[in-house]
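The values are calculated or read from the model by the stated rules, or taken from the named source; none is laboratory data. Computed from a predicted structure; not experimentally measured. Positions of Cβ are backbone-derived with ideal geometry, glycine not excepted, and every protein chain shown enters the neighbour counts.
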Amino acid sequence: MLVRIRTGRVKVYRLLPTGRAVTLYLFGPGDVFGFLPFLDGLGYPAYAQALEDVEAEVMARSALLRLLRAEPDLAVTLISLLGQRLRAAFDLIQALSTPTARARVAGALVPLLPSCPSSTTGSPEVHLPVSAHEFAGALGLTPEAFSRALTAMAQDGILERSGPTSYRILDPAALEAERA
């Protein structure tokens, strides 16, 4: 089944043999997921949980196959989306191999910068797409480790909290340097 989110947010996670849930993706409006079963005909290898009220379009594998036969150019779009998801998986592997929470947090905040509007002070504002708790989980961090990393960066003048899920980036170059 292919799912396209119209409104709301969805967390896709996998349960480890220990019973611990690991967040793989956080999806929001316009995002598409669930296409792996389309490719191999097997079930979806993870769980999806609505984080808020969600409105979505769902398409069965058989309907998607018919659509692709009728509109072959759609296959290129699907392959492009798969490529983006594969790149994101590689980025996640790299991020999870980053040893410090601070580097993981910086690495997750930097990609949010280009699409964030600047505030009246000229510093870009970053808004987390989900709660800080969910965002921390997606980074493989506890909420406490996530908060400590943000607090340390605030003390160093790199950012300041402007809301529960909002941060003003005071020194984007220093944030970028934290990723390494």
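General remarks:
- Whenever a residue of segment 14-25 is in the same structural domain as Tyr47 (by TED's automatic domain parsing), it has no partner that is among the polar types (S, T, N, Q) lying with C-beta atoms less than 8 angstrom away and at least six residues away or across chains.
- Condition check for Leu141: aliphatic (A, V, I, L, M), at pLDDT 85 or above, farther than 30 Å from Leu39 by Cβ and not in a helix (DSSP H, G or I): yes
- Any chance Ala50 is at pLDDT below 85 and loosely packed, with under 15 Cβ neighbours inside 10 Å: no
- Qualifying positions in segment 166-180 - in contact with a helix residue (DSSP H, G or I) (Cβ under 8 Å, 6 or more places away or on another chain), outside any helix (DSSP H, G or I) and either buried (at least 16 other Cβ atoms within 10 Å of the Cβ) or modelled with pLDDT of 95 or more (or both): Tyr167, Ile169, Arg179
- Scanning segment 120-145 for residues that are of a type in the set (A, V, I, L, M, F, W, C), closer than 27 Å to Pro29 by Cα and out of contact with any Gly (no Cβ under 9 Å at 6 or more places or on another chain) gives Val126, Leu128, Ala132, Phe135, Ala136, Ala138, Leu141.
- All conditions but one from (1) within 28 Å of His127 (Cβ to Cβ); (2) touching a strand residue (DSSP E or B) at 6+ places or on another chain (Cβ under 7 Å) apply to Thr77; the one that does not is (2).
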